[in-house]
1. Based on the alpha-carbon gyration tensor of the range 29-94 and its eigenvalue square roots a ≥ b ≥ c, which shape applies: rounded if a/c is under 1.5, prolate if not and a/b is larger than b/c, or oblate?
2. At 7 Å along the Cα-to-beta-carbon direction for both residue 31 and residue 57, put a label point, then send me their distance in nm to one decimal.
3. For the range 2-67, count the residues as N, evaluate 2.2 N^0.38 Å, and divide the Cα radius of gyration by that value, please.
4. By how many degrees, 0 to 90 and rounded to 10, does the Cα axis of helix 30-64 deviate from the longest principal axis of the chain?
């Protein structure tokens, strides 16, 4: 799942990270550069945690409405998709 999230987030996160890394590389202050990267990492982490919390909240709402079968089917479908993508990538590499 982390690989897929990284692929989805990469177009938005990579340009900002590249600018921060370039700026940090030109500075002679390691603590300042590390602080910039830490601030970026914390900001990125907040978005991931927010997505996780909202997914958990949505599952609880669906379960309270009596739609727990959707969650089971979506997890199984997600697992099948992950296995399929894994098999595709393995066959593509070899």
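FYI, it's all coordinate maths here, none of it is from the lab. In this text the structure is predicted, and so the values were computed from the model without any measurement. Virtual Cβ from ideal backbone geometry, glycine too; neighbours counted across all protein chains shown.
1. oblate
2. Result: 3.8 nm between the two label points.
3. Taking N as the residue count of the range 2-67, the ratio is 1.58.
4. Roughly 10 degrees, rounded to the nearest 10.
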